[in-house]
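The values are calculated or read from the model by the stated rules, or taken from the named source; none is laboratory data. Remember, predicted model here, so these are calculated numbers, not experimental data. Here the Cβ is made from the backbone with ideal geometry for all residues, glycine too, and neighbour counts use every protein chain on show.
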Amino acid sequence: MEKPAYDYGIVRSFVVWSMVWGLVTVLVGVLIAFQLCDPALNLPPFLTYGRLRPLHTNAGIFGWGIGSFFALFYFIVQRLCKTPLWSPKLARFQLWFFNATIIAAAVTLLLGYNTSKEYHELEWPLDIMVVILWVIFAVNIIMTIVKRREEQMYISLWYILATIVGVAVLYLVNGAEVPVSLFKSYSAYAGTNDANVQWWFGHNAVAMVLTTPPLAIFYYFLPKSTGVPIYSHRMSIIAFWSLIFMYLWTGAHHLLWTPVPDWVQTLAMAFSVMLIAPSWGSVFNGYLSMQGEWHQMKQNYLVKFLILGITFYGLQTLQGPLQSIRSFSAFIHYTDWVPGHVHMGTMGWVSLVLFAAIYYLTPYMFGRKVYSIGLANLHFWLVLVGQLGYSVSMWIAGVQQAGMWHAMNPDGSLTYTFIETLVEMYPYYWVRAFCGVIYLAGVLVFFYNLYMTARKGEPVDNPALQTN
Amino acid sequence: MWEKKPVLLLVLATVTILVGTIITMVLPFAWVNTKADRIASVTPYTPLELAGRDVYIREGCNNCHSQTVRPLVAEVLRYGDYSKSGEFVYDRPHLWGSRRMGPDLARIGGKYPDAWHYKHMRDPKSMVPQTNMPAYAFLDRERVDPELTRRKMEVLGFPYTEEQIAALSGKTEMDAIVAYLQKLGTGIPWREAAGSEIVGELKNPFAGNRTAVEAGEELYEKHCAACHGKEREGDIGPELSGLGDLDDAELFRILYNGIPDGGMPAFSKLGSEKTWQLVNYLKEED
């Protein structure tokens, strides 16, 4: 069988752009972290925390996250289907439309055009752009899979297909709104219903944007990097179906103790706890695939990124269900514990897996070996230390904050005023900001390494032979 | 079998994700925001309040402030009566938030006089020196657009009069956001209900105690100085001199329950010991 002409050009373009948006994400993240330490760093009206924070999350989830998924999915799908991309032209159009959307998103968010719904702040004209983008992408991926020359669809393809429908359903339902003017609209739902729909979206964006795509990538790149297959196919099947079944019940765990009906809260809590099983199904599948191969953690830098990544996924999926227990939620919800949790997911799990995948792709994209494995290791340690410092400082801060919020005197009055609890947070906010700088340094090393690869990397004839 | 058929996989995946979706997201529509939820005293926003709410959304205030008081002891003490579903029926979108870098605002309405909010929005540090809230002084320069606001009222189906729309001309966004903040949480008369009836005789446990005066002074700087001035010379609130003649128990009552109509918040959350210390300090003549 002749080798199909895979399109790696589009993969490269998406990677480069997603890295640019990744850098923007971390830069803005560091800036807003410092703004919390010193409010003088806010420059109203455009550069205040309130406007920059949605920019930070949107650039991270949609620019860096989705941008990388576009790149990696196009790579994975072509190879798993043994067929070239269905329409490279459509993919090119998608690339430019993607960048136009992200730029428009950044500008409108800074101008204050936002719907206030977390992780879905974009106003309605931008929502429409996102929908177009997703349809183009879905058509290209699905058609490529339909035209495949490999009968069986590998695990990664299941996750990719689930991502496509999941994101579509979530985005359309939560985005329903009534326009007032070009950049102002009101949600189609009111009050308690709006909150319930929003967190059904909010938490399941974590499922369908920040879990299933990195899992698709993990399941593809772990065996490719180690050279040994995934431990159990059957375990992947069970984990896949139970994961996408259970996740959609859990959104209301963000709304414990609110006016949302009790039975919805209880179901959300129960399913969140049960979700440990399918999540850890993938974690174990990853770990067990390493049987007899653990020495690669020392020798193969890609494995380090991937295994630490799945480890953070495992920690996340223990911490998440814990947080969804009503009594624990009463304590830590609204505190700094939560950003600590979220960032272990985004900076640890999602980003570590993406870094590994991008290093793996490099020889295919540029026809060159990675410029420096030493620098890749430095990058690994910087982002690991940065992320751990960030998360741990925020966990401690959150526990202290909650403890102070709930502290009461023997006569039943509150021990601390709100501002007294804030004052105690400043040292932790400084620690977090500096850990953000360390993480940023790691991202810059990553950029430099890839730039030098493109410029000066040693050429490779057969990328498949180069794993480290 | 499904591993070989992408379209079948897509259909099965869609069905799978719809089960939880229908049960926890679609079904609640039958029970929530229905007639049974309504609270008669909860009213839609006026044009000025709505304009203020949109400023709140634009500035992303919900990134730092939540708007739901949970039925937990400390929260009810700190913020007021816990939130009820019927209070949010006019909120599109909801603004419950997910993070409290600043305090919850669900019941901020009526807690402080307007003047407090204007000063605080223009320069938060002038009211709360250690805050990390940015200043929003620029809202004084931006004007509310009456015609756009009219369109918003129509889209939301809120009642309004021509006078209300006419009154918007010349109003600043600062006026609007203060009006909105003053509306928050006032849909139910919880403040009146929460006023604690003090039973038994009120006897100052610190009468003539010098340390209590010092402790009271510290409390004054923290809780009272922003409104009544550093030297009790008055600012937003009145000057506090000549209180020596006031009965201890009377002063305690005022501090404990506030003056709801005069814009003075209740300080019952301080507990009786600290309130007595304040009484002692306030009665001390300079």
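Per-structure values
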quantity: Checking B:LEU10 against (1) touching a helix residue (DSSP H, G or I) at 6+ places or on another chain (Cβ under 7 Å); (2) over 30 Å from A:ALA239 (Cα atoms); (3) hydrophobic (A, V, I, L, M, F, W, C), the condition it does not meet; calculated: (2)
quantity: Residues satisfying the stated conditions in the range A:409-418, i.e. of a type outside the set (S, T, N, Q), surrounded by 15 or more Cβ atoms within 10 Å (Cβ to Cβ) and facing chain B (nearest Cβ under 9 Å); calculated: A:LEU414, A:PHE418
quantity: Among the residues listed as A:SER272, A:SER236, the single one being at pLDDT 95 or above, assigned to a helix (DSSP H, G or I), under 27 Å from A:PHE62 (Cβ atoms) and of a type in the set (S, T, N, Q); calculated: A:SER272
quantity: Yes/no for B:GLY86 being within 12 Å of chain A (Cβ to nearest Cβ), outside any loop (DSSP other than H, G, I, E, B) and surrounded by 18 or more Cβ atoms within 10 Å (Cβ to Cβ); calculated: yes
quantity: Residue match in the range B:48-55 (condition: within 9 Å of another protein chain (Cβ to nearest Cβ), touching a strand residue (DSSP E or B) at 6+ places or on another chain (Cβ under 9 Å), on the phi < 0 side of the Ramachandran plot and acidic (Asp, Glu)); calculated: yes
quantity: Listing of helices (runs of 4 or more DSSP H) fully contained in the range A:318-405 that carry 2 or more residues being closer than 18 Å to A:THR211 by Cα; calculated: A:337-343, A:351-366
quantity: Sole residue being outside the structural domain of B:HIS120 (by TED's automatic domain parsing) and more than 26 Å from B:GLY110 (Cα to Cα), chosen from B:LEU148, B:LEU202; calculated: B:LEU202
quantity: Count - residues of the range B:100-141 that are modelled with pLDDT under 95 and among the hydroxyl-bearing types (Ser, Thr, Tyr); calculated: 2
quantity: Helices (runs of 4 or more DSSP H) wholly inside the range B:120-201 that include at least 1 residues being farther than 21 Å from B:LYS269 by Cβ; calculated: B:124-127, B:146-156, B:162-168, B:173-183
quantity: Total residues in the range B:1-47, condition modelled with pLDDT under 90 and either within 7 Å of chain A (Cβ to nearest Cβ) or closer than 20 Å to A:TRP263 by Cβ (or both); calculated: 7
quantity: Boolean, B:VAL42 is more than 17 Å from the chain's Cα centre (by Cα) and hydrophobic (A, V, I, L, M, F, W, C); calculated: no
quantity: Flag for A:ILE217 being more than 13 Å from chain B (Cβ to nearest Cβ), farther than 28 Å from A:PRO259 by Cα and of a type outside the set (Gly, Ala, Ser); calculated: yes
quantity: Selection from the range A:334-367 of residues that are within 14 Å of chain B (Cβ to nearest Cβ) and small (Gly, Ala, Ser); calculated: A:GLY340
quantity: Subset tally (residues that are more than 14 Å from chain B (Cβ to nearest Cβ) and of a type in the set (S, T, N, Q)) for the range A:51-98; calculated: 4
quantity: Selection from the range A:31-49 of residues that are part of a helix (DSSP H, G or I) and either more than 23 Å from A:HIS203 (Cβ to Cβ) or away from every other protein chain (no Cβ under 12 Å) (or both); calculated: A:LEU31, A:ALA33, A:PHE34, A:GLN35, A:LEU36, A:CYS37, A:PRO39, A:ALA40, A:LEU41, A:TYR49
quantity: Some residue of the range B:255-278 being in contact with a strand residue (DSSP E or B) (Cβ under 6 Å, 6 or more places away or on another chain) and either in a helix (DSSP H, G or I) or farther than 27 Å from B:LYS119 by Cα (or both); calculated: yes
quantity: Checking B:LEU77 against (1) part of a helix (DSSP H, G or I); (2) at pLDDT 95 or above, the condition it does not meet; calculated: (2)
quantity: Residue check for B:LEU77: within 25 Å of B:ALA225 (Cβ to Cβ), touching a strand residue (DSSP E or B) at 6+ places or on another chain (Cβ under 7 Å), facing chain A (nearest Cβ under 8 Å) and of a type outside the set (Gly, Ala, Ser); calculated: yes
quantity: Pairs where the first residue, in the range A:328-352, is in contact (Cβ under 8 Å) with a residue 40 or more places away in the chain and the second is among the hydroxyl-bearing types (Ser, Thr, Tyr), C-beta under 6 Å, 6+ apart; calculated: A:GLY340/A:SER391; A:HIS343/A:TYR390; A:HIS343/A:SER391; A:MET344/A:SER391; A:TRP349/A:TYR313
quantity: The lone exception for A:TRP263 - which of (1) over 28 Å from B:VAL11 (Cβ atoms); (2) surrounded by fewer than 24 Cβ atoms within 10 Å (Cβ to Cβ); (3) in contact (Cβ under 8 Å) with a residue 24 or more places away in the chain it fails; calculated: (3)
quantity: Pair list, Cβ < 6 Å and 6+ apart or interchain, from the range A:440-461 residues that are closer than 17 Å to A:GLY22 by Cβ to residues that are among the basic types (Lys, Arg) and outside any helix (DSSP H, G or I); calculated: A:THR453/A:ARG368
quantity: Candidates B:GLY208, B:GLY242, B:GLY234 - the one that is without any contact (Cβ under 8 Å) to a residue 60 or more places away in the chain, over 22 Å from A:PHE418 (Cβ atoms) and within 27 Å of the chain's Cα centre (by Cα); calculated: B:GLY234
quantity: Residue selected from the range A:391-416 under the condition of a type in the set (A, V, I, L, M) and in contact (Cβ under 8 Å) with a residue 24 or more places away in the chain, by the criterion farthest from B:VAL73 (Cα to Cα); calculated: A:VAL392
quantity: Given (1) within 20 Å of the chain's Cα centre (by Cα); (2) part of a helix (DSSP H, G or I); (3) more than 9 Å from chain B (Cβ to nearest Cβ), index of the condition A:LEU157 fails; calculated: (3)
quantity: Selection count where residues are surrounded by 23 or more Cβ atoms within 10 Å (Cβ to Cβ) and within 14 Å of another protein chain (Cβ to nearest Cβ), scope the range A:309-333; calculated: 2
quantity: Unique match (being at the interface with chain A (Cβ under 8 Å from one of its Cβ atoms), touching a residue at least 24 places away in the same chain (Cβ under 8 Å) and assigned to a loop (DSSP other than H, G, I, E, B)) among B:GLY110, B:GLY102; calculated: B:GLY102
quantity: Any pair with Cβ under 9 angstrom, 6 or more apart, that starts in the range A:298-323 at a residue that is within 16 Å of A:MET274 (Cα to Cα) and ends at one that is in a helix (DSSP H, G or I) and at pLDDT below 95; calculated: A:GLY320/A:VAL206
quantity: Test: residue in the range A:423-431 that is at pLDDT 95 or above, farther than 30 Å from A:VAL26 by Cβ, part of a helix (DSSP H, G or I) and within 11 Å of chain B (Cβ to nearest Cβ); calculated: no
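Listed here are the residues, each with its yes/no results for (1) surrounded by 23 or more Cβ atoms within 10 Å (Cβ to Cβ); (2) free of Cβ contacts under 8 Å to residues at least 60 places away in the same chain; (3) within 14 Å of chain B (Cβ to nearest Cβ).
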position: A:ALA188; (1), (2), (3): no, yes, yes
position: A:ALA195; (1), (2), (3): yes, no, yes
position: A:THR226; (1), (2), (3): no, no, no
position: A:LEU248; (1), (2), (3): yes, yes, yes
